[in-house]
Each structure stands twice: as structure tokens, then as C-alpha cells.
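Just below is one structure, and these are the notes that go with it.
The values are calculated or read from the model by the stated rules, or taken from the named source; none is laboratory data. If you're wondering where the values come from, they're calculated on a predicted model, not measured in any experiment. Neighbour counts are summed over all protein chains in view; Cβ atoms, including those assigned to glycine, are modelled from backbone coordinates with ideal geometry.
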Amino acid sequence: MKKTLAELESQGVRWIKPSFWRNHYELRGDDGEVLATIHQPKWWRDLVEVEGVGNRWLFERKGLWNRRVEIRSAVTGEEPAVFRYNWSGTGRLEYPDGRVFYWKQGNFWGTKWVWTNAEGEPLVGFHTKNSFKLSADISLDPELETAKAPTLLLFLGWYLVVKHYEDTAAIAGA
């Protein structure tokens, strides 16, 4: 899949969980085409594999006091960025070249999440639905490509939404 962000925005995209029983998610266009996938190969680890837009990444949560998500290229092992977050789940994605993007909760209920730039302008939004078979509509800012915001925001954001729901369910069940 080699679509630009502008093509994704015009197509209308959403994350879905095709099966209740598997920890696997798909980014689909309005036509049903699978544009990207996220899956967790082992249920006992926080490591997930992401494939889409011509890239493959591994995301893994680390740390108790210094909470972060390590992001690695599945092919080269390079770490293009690191996401640092607090107990509420909000945080910042930092690139070695100085670019920073912020992850924020968009409403009190935790059904909306958004990536913003340093000026607080929204770039990628997630509006979640159906907690049993989690899905989310995605909104993309048309200026995303000129803002040098990576497609990684689309994948890391969904990973963070999924982990938020899993953590919330674990706390509620305790």
C-alpha cells in the first residue's frame, strides 16, 4: 500500500477489529480495502507489529516510572522516535531532528484522542466506538504532509488507543 495521506483523507479511513477473539486491527478505507494492520503476536507481551504505508514497525511499552513506547523499524532495528507518556496516557512523540508531536485526550469520556503539533493544532484525530469490538473513525488534517508529520502518527495513535482501552478494562475488572 503506497497511498499518500491526502489520498487517505479523501478516502475516509477507520480502524476496526475484524475479530473479537484476535488482537488484530485493520485500517480500512471506505471501499473495504485493508491499508494497514496492527497485531500482537504474543498475548503476554506489549510488543505489536505494525505494517502499512510501505513500512513495518515494532511498538513496545517500557518502564514504570519513565514510561515510554519504543518504536523500532522491523527491518533495520533503527529507532526513528520515542513516545514518552504519563499515567493519564497523554504524552509526546520526540524525533531526533527536534520534531515533537503531542498526544491528548479529546474529551472527558476518552472516546476521542488527537495528535497535535507544537502549536496545539490537531493533525490526526481518533473517535472510538464500540468497546466490545473496538473501532475508530480517523480524521486527518489536509496539511499533514506539509507539516512533516509522519504516517507513524496514524499507527502509534491507534496503538495508544487500544492500550488505553485494555488498561481501563483491566482496572475495571480488578
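Can you work out which of the residues in the range 149-174 that are assigned to a loop (DSSP other than H, G, I, E, B) and at pLDDT below 75 is surrounded by the most Cβ atoms within 10 Å (Cβ to Cβ)? Before the answer, list the steps.
First, pick out the residues of the range 149-174 that are assigned to a loop (DSSP other than H, G, I, E, B): 149-151, 174.
This time we only want the ones that are at pLDDT below 75, so: 149, 174.
Numbers: Ala149: 22, Ala174: 5.
Top of the filtered list is Ala149.
What are the residues in the range 75-86 that are within 14 Å of Tyr159 (Cβ to Cβ) and either more than 16 Å from the chain's Cα centre (by Cα) or of a type in the set (Ser, Thr, Tyr) (or both), if any?
Narrowing the range 75-86 to residues within 14 Å of Tyr159 (Cβ to Cβ): 81-83, 85.
Matches in the range 75-86: Tyr85 only.
Which of the residues that make up the range 42-90 are touching a strand residue (DSSP E or B) at 6+ places or on another chain (Cβ under 9 Å), under 22 Å from Thr116 (Cβ atoms) and in a loop (DSSP other than H, G, I, E, B)?
Val53, Arg67, Pro80, Ser88, Gly89, Thr90
Do we find a residue being modelled with pLDDT under 80 and part of a loop (DSSP other than H, G, I, E, B) anywhere in the range 91-102?
Here is the first cut: in the range 91-102, the residues modelled with pLDDT under 80 are none.
The answer is no; no qualifying residue exists.
Evaluate the following for Leu134: is it closer than 19 Å to Arg28 by Cα, surrounded by 15 or more Cβ atoms within 10 Å (Cβ to Cβ) and at pLDDT 90 or above? Full working, then the answer.
Values: closer than 19 Å to Arg28 by Cα: yes; surrounded by 15 or more Cβ atoms within 10 Å (Cβ to Cβ): yes; at pLDDT 90 or above: no.
No; evaluated as a whole, the condition is false for this residue.
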